[in-house]
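A.B. asks: Got a structure for you, questions after.
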Number of protein chains: 2
Amino acid sequence: MTLTCDNAQKTRKGGSGMSGAKGKSSSGAGDPARTLELLWRDGSAAPAGRRGPRQGLTVDAVVDAALALADAGGLDALTMRAVAQHLGVTPMTLYTYVPGKAELLDLMLDAVFLRMHRPPFRPEESWRSRVTAVADANRALHLGHPWLVELRIVRAPLGPGVMTKYEYELGAFEGLGLDDVARDSALTYVLGFVQSGARAELDARAVARESAMSDGEWWDAHEPLLARALDESRFPLASRVGEASAIAYDGLYDAEHAYRFGLERVLDGLAALGGS
Amino acid sequence: MTLTCDNAQKTRKGGSGMSGAKGKSSSGAGDPARTLELLWRDGSAAPAGRRGPRQGLTVDAVVDAALALADAGGLDALTMRAVAQHLGVTPMTLYTYVPGKAELLDLMLDAVFLRMHRPPFRPEESWRSRVTAVADANRALHLGHPWLVELRIVRAPLGPGVMTKYEYELGAFEGLGLDDVARDSALTYVLGFVQSGARAELDARAVARESAMSDGEWWDAHEPLLARALDESRFPLASRVGEASAIAYDGLYDAEHAYRFGLERVLDGLAALGGS
DNA sequence: GCGTACTCTATACAACGTACAAAGTAAGCG
DNA sequence: CGCTTACTTTGTACGTTGTATAGAGTACGC
């Protein structure tokens, strides 16, 4: 189901101690109860009798600081040290609010899901219109939070944001004549398409920014040496189609075009399932 | 065009010196001529009069060692130190064969593309059959080389593998009545779908492996605490559909099902473009 | 007023890519 | 033959990451 395929990256957190993990492992290894408690903010009432000094921050403040960093600079910019500095504390202080970076990512994911705009579907609206709205909203979400596509999303943090989003988006497929299982598959399919396109677009942006070299300049730099690659006798289709596309889009990767083209295909493909 | 959207991750390599880069920046910053030379293996003829000791390895040996590591353990396992150890040399030795890790990834990408199986399309074959074959081949490619989905693929290394693959796959859309620009868009669309599904499947596998906890066990661990999330009055659709899918697939993420479902949608969507 | 539970801080580790410089090797030229 | 020189290979070093661990400071409950 879609939920089983919609969760956050975790940075290793084995049962015993592991420091300085490298890869993006996704857990569920951290105490599930603690994570769910944080997601639904159970500790927020400052439950009387706490012995030591009051905490100077809140979980929300930590999450918001993390979001600001990640939205601006991607996951690379999201370091525990940076979050701490942003909040005027030392890095280790964060670990009083959040068990680790993995759980922080879970909280961030649920938070942006919860804050999405969800205008109610009008009853007379066609499913095409509703699914288009869902796709557009998800595209905007990914473009506004570029770190989302960097996450390994498996086993979603089942917080309010994830649930609310799932509930709303399933509603878009009303009227298509799908049973429950097919409805979940259809949503997964649409979200996969959107995420895939968003990833390509964000990658292209990041490369353009980091290389200080536009797509056009890149092609110019390579052109003199590309006789072999663009050899018309060896790669007739590739060189012809490649050139046509390069001319059509001025050598740039045109994400907007790819999205519009793809979304029409997606909708037509769903229509063939039997709906109107 | 597809090519502009099909290249390899690079780990920073600014004009001046930068050590120990962290994020996945994609370059083109490294000398393009040198990279192209490597891709097409121009230096392979050991061009007479070389002053020092002969090199004990070859670029191919380095690439193959890197492929073995990445295929087995993903990008995390692909460290310059590990490649060097695999070849019986010290890490810095690799830099005589390859300018850096970014270029090594370019070479790896082009190599696996070049080695793909490409049975010639039969003239009487339908485009649905041909496109299905291309999708299947790409799915197998990604599942066999899990590091592929971790790459940021923009500005492809224009080597023989990338070109040959592009040429072949464009041919699958013959008979659909597409002009050159639409043909490139269609291919991008299909490849995006396949990659998206493969990523989900690989992520699910990695999580299952790393967490030593099956999907079913994960659900069992969370179930007691999920009253809120699965609240039927608050999330009626989500809990109903979620449960139906969980039962249908036994709580697991069923990648095979998602692929088959999605591919049918993709083909139907393309068919609506006007082809047979 | 004192113990205790808590918050916050400082220091430390191993792993990464690779810059830098030294050490070793063999070809070309006298 | 021996010197120069280009090249290969190696050792060491840096700055960055998440977080384990241990210590220092604080305020509630008895």
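The values are calculated or read from the model by the stated rules, or taken from the named source; none is laboratory data. Nothing here was measured: the structure is a model prediction, and the numbers come from that model. Neighbour counts are summed over all protein chains in view; Cβ atoms, including those assigned to glycine, are modelled from backbone coordinates with ideal geometry. Please note that ligands, DNA and RNA were not included when accessible areas were found on the heavy atoms of the full protein model with its side chains. Shrake-Rupley method; radii C 1.70, N 1.55, O 1.52, S 1.80 Å.
A.B. asks: For A:Pro99, which of the numbered conditions (1) in contact with a Gly (Cβ under 9 Å, 6 or more places away or on another chain); (2) under 20 Å from A:His145 (Cβ atoms) fails to hold?
C.D. replies: Unmet for A:Pro99, out of (1) in contact with a Gly (Cβ under 9 Å, 6 or more places away or on another chain); (2) under 20 Å from A:His145 (Cβ atoms): (2).
A.B. asks: Given the residues A:Gly262, A:Gly216, A:Gly197, which is the only one that is within 19 Å of B:Pro157 (Cα to Cα), assigned to a helix (DSSP H, G or I) and either at the interface with another protein chain (Cβ under 9 Å from one of its Cβ atoms) or of a type in the set (Gly, Ala, Ser) (or both)? Can you show your working first?
C.D. replies: On the way: A:Gly262 fails: within 19 Å of B:Pro157 (Cα to Cα); A:Gly197 fails: within 19 Å of B:Pro157 (Cα to Cα).
That would be A:Gly216, the only listed residue that is within 19 Å of B:Pro157 (Cα to Cα), assigned to a helix (DSSP H, G or I) and either at the interface with another protein chain (Cβ under 9 Å from one of its Cβ atoms) or of a type in the set (Gly, Ala, Ser) (or both).
A.B. asks: A follow-up question, please. From (1) more than 9 Å from every other protein chain (Cβ to nearest Cβ); (2) touching a residue at least 24 places away in the same chain (Cβ under 8 Å), pick out the condition that doesn't hold for B:Ala227.
C.D. replies: Evaluating B:Ala227 over (1) more than 9 Å from every other protein chain (Cβ to nearest Cβ); (2) touching a residue at least 24 places away in the same chain (Cβ under 8 Å) leaves (2) as the failure.
A.B. asks: Are any residues in the range B:61-77 at pLDDT below 95 and among the acidic types (Asp, Glu), and if so, which ones?
C.D. replies: The answer is B:Asp76, and nothing else.
A.B. asks: Restricting to the range B:72-90, and then to whatever is more than 14 Å from every other protein chain (Cβ to nearest Cβ) and open to solvent by 50 Å² or more (accessible area, probe 1.4 Å), can you tell me which residue is farthest from DNA strand C (Cβ to nearest atom)?
C.D. replies: B:Gly88
A.B. asks: More than 10 Å from every other protein chain (Cβ to nearest Cβ), of a type in the set (Gly, Ala, Ser) and within 25 Å of B:Tyr253 (Cβ to Cβ): does that describe A:Gly161? Spell out the reasoning first.
C.D. replies: Numbers: more than 10 Å from every other protein chain (Cβ to nearest Cβ): yes; of a type in the set (Gly, Ala, Ser): yes; within 25 Å of B:Tyr253 (Cβ to Cβ): yes.
So A:Gly161 passes the test.
A.B. asks: I'd like the full set of residues that are under 21 Å from the mean Cα position of the chain (by Cα) and on the phi > 0 side of the Ramachandran plot, limited to the range A:59-99.
C.D. replies: Result: A:Gly74, single match.
A.B. asks: From (1) free of Cβ contacts under 8 Å to residues at least 40 places away in the same chain; (2) surrounded by fewer than 22 Cβ atoms within 10 Å (Cβ to Cβ), pick out the condition that doesn't hold for B:Gln195.
C.D. replies: (1)
A.B. asks: To continue, here is another question. Got a number for residues in the range A:230-251 being open to solvent by 70 Å² or more (accessible area, probe 1.4 Å) and either in contact (Cβ under 8 Å) with a residue 40 or more places away in the chain or not acidic (Asp, Glu) (or both)? Spell out how you get there, then give the answer.
C.D. replies: Taking the range A:230-251 as the starting set, the residues that turn out to be open to solvent by 70 Å² or more (accessible area, probe 1.4 Å) are A:232-234, A:240, A:243, A:247, A:250.
Checking the rest, the ones that are also either in contact (Cβ under 8 Å) with a residue 40 or more places away in the chain or not acidic (Asp, Glu) (or both) come to A:233-234, A:240, A:247.
The qualifying residues number 4.
A.B. asks: So, one more: Determine if the range A:104-119 includes at least one residue that is within 16 Å of DNA strand C (Cβ to nearest atom), assigned to a helix (DSSP H, G or I) and away from chain B (no Cβ under 14 Å). Before the answer, list the steps.
C.D. replies: The first filter runs over the range A:104-119 and keeps only residues within 16 Å of DNA strand C (Cβ to nearest atom), leaving A:104.
From the residues that got through so far, the ones that are assigned to a helix (DSSP H, G or I) too are A:104.
Checking the rest, the ones that are also away from chain B (no Cβ under 14 Å) come to A:104.
Within the range A:104-119, one or more residues are within 16 Å of DNA strand C (Cβ to nearest atom), assigned to a helix (DSSP H, G or I) and away from chain B (no Cβ under 14 Å).
A.B. asks: I'd like the residue in the range B:265-276 that is more than 7 Å from every other protein chain (Cβ to nearest Cβ) and hydrophobic (A, V, I, L, M, F, W, C) and, out of all such residues, is farthest from B:Ala182 (Cα to Cα). Talk me through it step by step, then tell me what you get.
C.D. replies: Taking the range B:265-276 and keeping what is more than 7 Å from every other protein chain (Cβ to nearest Cβ), we get B:267, B:271, B:273-276.
Among the residues that remain, those that are also hydrophobic (A, V, I, L, M, F, W, C) are: B:267, B:271, B:273.
Values: B:Leu267: 15, B:Ala271: 13, B:Leu273: 10 Å.
Out of the qualifying residues, it is B:Leu267.
A.B. asks: Could I ask something else about it? Does A:Arg51 satisfy the criteria of being more than 10 Å from DNA strand D (Cβ to nearest atom) and surrounded by fewer than 17 Cβ atoms within 10 Å (Cβ to Cβ)? Spell out how you get there, then give the answer.
C.D. replies: Working: more than 10 Å from DNA strand D (Cβ to nearest atom): no; surrounded by fewer than 17 Cβ atoms within 10 Å (Cβ to Cβ): yes.
No.
A.B. asks: Now for a separate question. What number goes with the only condition from (1) closer than 30 Å to A:Leu36 by Cα; (2) buried (at least 21 other Cβ atoms within 10 Å of the Cβ) that B:Ala172 does not pass?
C.D. replies: (1)
A.B. asks: In this structure, does B:Ala206 turn out to be within 8 Å of chain A (Cβ to nearest Cβ), open to solvent by less than 60 Å² (accessible area, probe 1.4 Å), within 22 Å of A:Leu191 (Cβ to Cβ) and at pLDDT below 85?
C.D. replies: no
A.B. asks: Kindly provide the set of residues from the range A:105-130 that are crowded, with 19+ Cβ neighbours inside 10 Å, free of Cβ contacts under 8 Å to residues at least 60 places away in the same chain and more than 15 Å from the chain's Cα centre (by Cα), ordered by number.
C.D. replies: A:Arg130
A.B. asks: Next up: Which residues, counting only those in the range A:91-103, are within 14 Å of DNA strand C (Cβ to nearest atom), of a type in the set (A, V, I, L, M) and part of a helix (DSSP H, G or I)?
C.D. replies: If the condition is that a residue be within 14 Å of DNA strand C (Cβ to nearest atom), of a type in the set (A, V, I, L, M) and part of a helix (DSSP H, G or I), then A:Met92, A:Leu94 are the ones that fit.
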